[in-house]
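Peer 1: Submitted below is the structure of interest, expressed as structure tokens.
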Amino acid sequence: MALSLTVNGDRVTSTADPASPLVDILREELHLTGAKPVCREGFCGACMVLIDGKPAPSCLTPAALVEGCEIQTVEGLATRSQLNRIQAVLEACDAVQCGMCFPGMVVSLTHLLTTRPDATREDIRAALTGNICRCTGYERIIDATLLALAT
Amino acid sequence: MSDVSATMDLRRRDAADKLRGRTRYTIDRYLPGMLHAAVLRASVPSGRIARLDTSRAARMPGVRAIVTAADAPGMMGIGIADHPLFARDVIRYDGEPLAAIAAVTLAQAQAALAAVDLEIEPLPAALTMADALAPDAPLVHPHWRNYEVLLEGGAREGNVAWEATVVRGDVDAAFARPDVEIVESSFRVGRQNHVAFEPRAVVASYEDGRFHIETSTQVPWGIRNATARLLGVPASQVRVTVPPVGGGFGLKFDLAIEPFAALLARASGRPVRLVNSREEEMLTCLFRENADIRIRSAVTRQGDIIGREAVVLMDCGAYGGEQIFLTTMTAHTLGGNYRLGAVRLVSRAIYTNTTPNGAFRCCNGVYNTFALERHTDEIAARIGMDPLLFRRRNVLGDKDLGATGQVFEADVLGPMLDRMDTLRDSATRPSHRADGRLYGRATTVGTWFVFVGPSAATVNMNADGTATLVTSGVEIGSGSMMQSLPQIVASTLGIPPENVIVRAADTDAAGYDVGVGGGRTTVSLGAASLSAAQEVRTKLLKVASEMIEAAPEDLVMRQGRIEIAGAPGSGRTVAEVATRAQAKNGPVSGTGAFTGTGVPAMPGCVAGHFIDAIDIPVFAVHDCEVAVDPETGHVEVLNYRVVQDVGRALNPRAIHGQIQGGVVQGLGYALHEEVTIGSNGRVCQSGFETYRVPLALDVVPVEISLYEGAPSMGPLGTKGAGEVPILNVGAAVACAVANATGKRIQELPLTPPRVLELLLDRKRDLTLPHIAETWSDNLVRPHKAPQGNA
């Protein structure tokens, strides 16, 4: 039986095993390779997507569980020509290095920006514990987030 | 020869795509008809292959090709060719490849792996360096004498894969002097996993009788040459291209999985993708090596280091790999930093039945700096001198000798220590925390180097006024390819850096290059790019001088124009001149090449070294404040400061990013990144749950001061800046924790259980019985004995 999903506003179907991790369907079938399967253990956050507006690691999410949900991947966060607010500040602050963690970072921080407009530096640090970065040492990402919250 | 400053605040051009999830790394590559591959790996650390039958696996659904040792005849290595692609008859580590299978889906390939008929007779294993150096140790390579020697000069014997020595002056006499204190210290460090977020990944195809390998690597030419060697084909039959790389840190400076995919592509006639699982990455990562170190110094009560000797054992795992080369580095990491009298060092790469180790950011330097700086504090304590005063008195200055007799130029570390004093003293925050925790601080110094070596560059001037830079450089995340290189070319040609197109690495299109690592991108590729751009500049100025009717030496290139100096707005645009030049003489291009000059060591000082001295030393001073919880042993870093020698900073903001990231990676090494190997020979940390890398809550913002002006042969005075930030983090944290607790720190990482053991005096002093008391008893071959492999 085919699964029916809504991804970035598009209705799509998949014939994959319902137990398949969502990240594999996104990447292998839909060629949305923004979500990165880095650890496949739910620790690193590089495969984070929004499911009905809430961030979740797509590596630990069986596809069948998100049938009928609104799934937003990093590819769906920017409009055609414009980066969203957090993407724009991360670019302006020159925060990006290898870039593998950033799709997940952007998803988590996009959510933080809408739900925690009053977040402090410590709040941001706490919110990022599910998004690991091996390159940047985090601080510039946190600075950028504060900037995004202030503008 | 530039009219525009190369120092810019240029933002990365690859950021927007990376932030949108559009960037296609190697793991994101899909080709039509692509097969998926998986590798069968051994599950014993040592054994004999009694049977390996793939006929049943070959009949499994979806399977299109299977390759084994018979398909890869060559051996690879650095110094000695000791490493086959697949285990042949003998298994030397848990995880060693035995066969590779390509199938229509990854699940089919994995199912086929399970259908390989395999019988292995276990053999005794040497899992630690102490095991491997025991008199009756099983030999990891019983036939080590038969291997092809690629570089003469290192001593070898049994499980000693390589031995490099330095002897300068009369150390025995120094130690025998009546006016010296003799201080002896022992240290042990474990492995560190790079945890590059993109695992090692490759997509290979076989087209027109040649291999095309798209891979996540730092060394396209290294992959080309090593793959050809293993496959037994001419290097010209292998083309390597490199998509954006999702993190390297040295992990991707060695060949890993490319030949499996290449062989399977040739066998199946279809493109083949192979991506390491995270577990494979964790278990078979070319870790920063574990090491055992003993240092002994003879120091006067006034604080002069009269003599020093050291033994450094580096675990290379089952194959020599990069450790063979890294034995060279001990001379410069343990023998750098301080002015020394007589000195003798031996650095030994030891075979064990464990997964091979490799290079990791500031390879060899991180643990030797930890050992040297802890040893320095123990010396200062012994002679009753303030440790900072001792450092100030002894750091290398102008005309001082390094361990190999290399003469260092200019006073760099001294003024950097002064700079750190200013940085530290200007801090207004209260240092001490009155919450019952133990407070400690330390300032440490470190010396590393820029790994120079050959690089090539071509600049093609386009008629529209843009320039295309062609190199074998790879963007691994540091930004060198996105920032420093275009800045160098743009400033030379007076065009905006956005108008410099940087071509991704392709060994068919660009000249030879050693690879992106060792802090060499801005230096070596930068110098080649500068030289290529200068040739283009000269050609354009000649054509422009005819168009403008002015002498070339009166012309400047700036803001996209070639104009008469002192007459802004005069002349022509670069595009007009390039168009005219192309019509008149053909397309304009320039080529550049670079390599290190090779600084001499003192004659007779070194044996078994790949480089006798370092072309571009890089120095760092780190200062760290910690609070140690006496109840739990948890160490919190309160403040961290870095003064780093960068030669000249082309993009300070980019360098700051590298320093923050490098320090945090070092904090992981210092405090909680621990790799252990079980009695079964398998790495115990198989994923992110068990291997704890720093999280956002673990770190502090690093206060940074870039020290400019130290001599460098790098283009425009640059030095590599991305490698060194991790150099003395372990040292600074360890010294600060020692100061906080009053305990002797001999091992890293300083995990809470380890710190608590120290606090409770339950930790015995570290002993290294496999390091002989008498220095020369640690040698396979006496220093200066006839060379050639023992």
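Quick note: the coordinates plus some simple rules give every number you see, no bench work behind them. Small disclaimer: the values here were computed from a predicted structure and weren't measured. For neighbour counting, all protein chains shown are included, and Cβ atoms are generated from backbone atoms with ideal geometry for every residue, glycine included.
Peer 1: With the convex hull built on the Cα atoms of the range B:508-555, state its orientation-averaged projected area in nm².
Peer 2: The number I arrive at for the range B:508-555 is 4.6 nm².
Peer 1: From largest to smallest, what semi-axes in whole angstrom does the protein assembly as shown give when each is the square root of 5 times an eigenvalue of its alpha carbon gyration tensor?
Peer 2: 40, 36, 31
Peer 1: A further question follows. Per 10 Å bin from zero, what fraction in whole % of the C-alpha pairs of the range B:238-301 is there, up to the bin with the longest pair?
Peer 2: Answer for the range B:238-301: a P(r) of 14, 36, 23, 10, 9, 6, 2, 0 percent.
Peer 1: Here is a further query. Given just the C-alpha atoms of the range B:630-743, how large is their convex hull per residue in cubic angstrom?
Peer 2: Cα convex hull per residue, to the nearest whole number: 162 Å³.
Peer 1: Any idea what % of Cα-Cα pairs in chain B are farther than 46 Å?
Peer 2: Of all Cα-Cα pairs in chain B, 24 percent lie more than 46 Å apart.
Peer 1: Let me confirm one metric for peptide A:28-41, namely the mean number of other chain beta-carbon atoms within 10 Å of its residues' beta-carbons.
Peer 2: 5
Peer 1: Please state the Cα pair-distance histogram of the range B:87-191 with 10 angstrom bins from zero: what percent is in each bin?
Peer 2: Percent of pairs per bin, in order: 9, 24, 26, 21, 11, 5, 4, 0.
Peer 1: Spelling out what I want: for every residue of the range B:526-542, take phi, set θ = phi - 60°, compute 6.51 cos²θ - 1.76 cosθ + 1.60 (Karplus), and round to whole Hz; glycine and proline get x.
Peer 2: x, 5, 5, 5, 4, 5, 5, 5, 5, 5, 4, 4, 4, 5, 5, 4, 5
Peer 1: If each DSSP helix of 4+ residues adds -39,500 (n - 2.57) and the sum is divided by the residues in chain B, what number results at 222 nm, nearest 500 deg cm²/dmol?
Peer 2: Result for chain B: -7500 deg cm²/dmol, rounded to the nearest 500.
Peer 1: Roughly what would the spin-label model give for residue B:88 and residue B:300, points 7 Å off Cα along C-beta, in nm?
Peer 2: 5.8 nm
Peer 1: Sticking with this one: Find the Cα radius of gyration of the range B:124-172, compare it with 2.2 N^0.38 Å by division, and give the number to two decimals.
Peer 2: My calculation over the Cα atoms of the range B:124-172 gives 1.43.
Peer 1: Contour minus end-to-end for residue B:570 and residue B:136, with contour as 0.36 nm per residue of separation and end-to-end as the Cα-Cα distance?
Peer 2: Net length gain for the segment: 148.1 nm.
Peer 1: So how do B:312-322, B:491-501, B:751-761 stack up, highest first, on mean other-Cβ count within 10 Å?
Peer 2: Those peptides, ordered most packed to least, come out B:312-322, B:491-501, B:751-761.
Peer 1: Could you name the aspartates and glutamates whose alpha carbon sits less than 14 Å from that of residue A:54, not counting residues in the same chain fewer than 8 places away?
Peer 2: In chain and number order, the partners are A:70.
Peer 1: Now a separate question. Output the pairs from B:719/B:784; B:399/B:719; B:399/B:784; B:18/B:719; B:542/B:719; A:36/B:719 with a Cα-Cα distance over 23 Å in this structure; if there are none, say none.
Peer 2: Checking Cα-Cα distances, B:719/B:784; B:399/B:784; B:18/B:719; B:542/B:719; A:36/B:719 exceed 23 Å.
Peer 1: Check the straight Cα-Cα distances from residue B:743 and name the aspartates and glutamates below 13 Å, setting aside those fewer than 8 residues away within the same chain.
Peer 2: B:377, B:378, B:757, B:761, B:765
Peer 1: So what's the range B:651-704 giving for Cα Rg divided by 2.2 N^0.38 Å, two decimals?
Peer 2: 1.46
Peer 1: Stokes-Einstein diffusion coefficient for the range B:158-239 at 20 °C in a medium of 1.002 mPa s, Rh from the Kirkwood formula over Cα pairs: what value in µm²/s?
Peer 2: Answer, rounded: 116 µm²/s.
Peer 1: Let me ask another. Report the equivalent ellipsoid semi-axes for the range B:568-642 in whole Å, largest first, defined as the square roots of five times the eigenvalues of the gyration tensor built from alpha carbon atoms.
Peer 2: Those come to 53, 30, 12 Å.
Peer 1: Can you tell me the Rg and the Dmax, both Å, for the Cα atoms in the range B:334-491?
Peer 2: Reported Rg and Dmax, both Å: 21.9, 69.
Peer 1: Continuing with the same structure: How crowded by other chains is B:656-668, given as the mean number of beta carbons from other chains within 10 Å of each beta carbon?
Peer 2: 4
Peer 1: Once the range B:214-320 is represented by equal point scatterers at the alpha-carbon sites, with solvent omitted, what log10 I(q)/I(0) does the Debye formula produce at q = 0.10, 0.11, 0.13, 0.23 Å⁻¹?
Peer 2: -0.46, -0.52, -0.64, -1.34
Peer 1: Looking at the P(r) of the range A:25-113, how many percent of alpha-carbon pairs lie beyond 14 Å?
Peer 2: Pairs farther apart than 14 Å: 64 percent.
Peer 1: On the Cα set of the range B:506-644, report Rg and Dmax in Å, please.
Peer 2: Rg, Dmax (Cα atoms, Å): 25.0, 81.
Peer 1: Follow-up question, since we're still on this one. Once phi is turned into θ = phi - 60°, what whole-Hz ³J(HN,Hα) does the Karplus curve with 6.51, -1.76 and 1.60 give for every residue of the range B:271-279, x standing for Gly and Pro?
Peer 2: x, 10, 9, 9, 10, 5, 6, 4, 5
Peer 1: Mind putting a number on the dipole of the range B:102-222 about its Cα centre? Charges go on the C-beta only, +1 for Lys and Arg and -1 for Asp and Glu, and I need it in Debye to the nearest 20.
Peer 2: Rounded to the nearest 20 debye, it is 260 debye.
Peer 1: Which three lengths, in whole Å and largest first, does the range B:694-740 cover when its Cα atoms are put on their principal axes?
Peer 2: 41, 26, 16
Peer 1: A further question follows. Can you give me the three principal axis dimensions of the range B:303-377 from its C-alpha atoms, in Å, biggest first?
Peer 2: Principal-axis extents of the Cα atoms in the range B:303-377, largest first: 42, 21, 17 Å.
Peer 1: With N set to the number of residues, divide the alpha-carbon radius of gyration of the range B:727-790 by 2.2 N^0.38 Å and report two decimals.
Peer 2: Rg over 2.2 N^0.38 Å, computed on Cα atoms: 1.65.
Peer 1: Could you order peptides A:43-49, B:173-179 by the average number of other Cβ atoms within 10 Å of their residues, highest first?
Peer 2: Highest to lowest by the protection proxy: A:43-49, B:173-179.
Peer 1: Going by how many other Cβ atoms sit within 10 Å of their own, how do B:221, B:162, B:144 line up, fewest first?
Peer 2: So the ranking, lowest neighbour count to highest, is B:144, B:221, B:162.
Peer 1: Name the long-range amide H neighbours of residue B:155: under 5 Å, sequence gap of 5 or more, or other chain; modelled H, no Pro or chain starts.
Peer 2: Hits under the 5 Å cutoff: B:163.
Peer 1: Sticking with this one: Stokes-Einstein at 37 °C, 0.692 mPa s, Kirkwood radius from Cα pairs: D for chain A in µm² s⁻¹?
Peer 2: Roughly 211 µm²/s, to the nearest whole number.
Peer 1: Also: How much FRET efficiency would the formula 1/(1 + (r/R0)^6) give for residue B:549 and residue B:584, where r is the Cβ-Cβ distance and R0 is 25 Å, rounded to 0.05?
Peer 2: 0.95
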